[in-house]
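See below for the structure under consideration.
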Amino acid sequence: MEGNTTPHTPSYVVIAFDATKDHNEREFRIIINHIRVRGDILHGGDTLLMLGVLHRVTHPSKHSYLSSYILINDDFDVLGYQSKPSPESFGTSLRAMEEEISNKVDSYVKLLHQSAEECEEQGVSIGVKITAGVPIKNVVLQEVVASKPAWVVLDR
């Protein structure tokens, strides 16, 4: 039939990335813009979920007198040690994981602000989810199965 189109059912599109690495606004803008301009992935009403996975959590050095803080110098080198984000792992505290995740979420929300505004014009919303675990591929798979996205984009 002429003009017979099925209405679009809102869906999720997941962009999975390594949140342990540093990312910048330009990098995410390029990824999101490429997905937007394709025209066949994102549609009005969809949600773009930025899924970051932390596979290491930074702890303050045991030898620092400011042991309750993560110290960062002017070159953004983290002073402290890193461990796998697992409550069973020696030295990994739940509080440190929660704090690192919270900081990452805040950081990525700021980085994605302009892209979110551009997506809003298209009727697409952006969400940020940061989770911790190892191995990364299993964590991504678990989150993808839970969110049931129409598309998954993996950022190596």
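Key figures
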| quantity | calculated |
| --- | --- |
| Entries in K104/K148; K21/K104; K21/K148 that, when Cα-Cα distance is taken, lie over 22 Å | K104/K148; K21/K148 |
| Amide H within-cut-off set for W151, under 5 Å, with H built and near neighbours excluded | V14 |
| With DNA, RNA and ligands ignored, accessible area of H55 (1.4 Å probe; Å², nearest 10) | 40 |
| Within-15-Å neighbourhood charge of V145 [Cβ basis; K, R +1; D, E -1] | +2 |
| Simple spin-label estimate for N33 and E121 in nanometres, 7 Å along Cα-Cβ | 1.2 |
| Under Karplus coefficients 6.51, -1.76 and 1.60, residue-wise ³J(HN,Hα) of the range 139-156 in Hz, glycine/proline x | 5, 4, 4, 4, 5, 5, 4, 5, 8, 6, x, 7, 9, 10, 10, 9, 9, 7 |
| S11 long-range amide H proximity, modeled H, under 5 Å | D46, T47 |
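The values are calculated or read from the model by the stated rules, or taken from the named source; none is laboratory data. Note that the coordinates shown come from a computational prediction; the quantities given were computed from them, not determined experimentally. Here Cβ is always computed from backbone atoms with ideal geometry, including for glycine, and neighbour counts include all displayed protein chains. We work out accessible area using only protein heavy atoms, side chains counted, and drop any ligands, DNA or RNA first. Shrake-Rupley method; radii C 1.70, N 1.55, O 1.52, S 1.80 Å.
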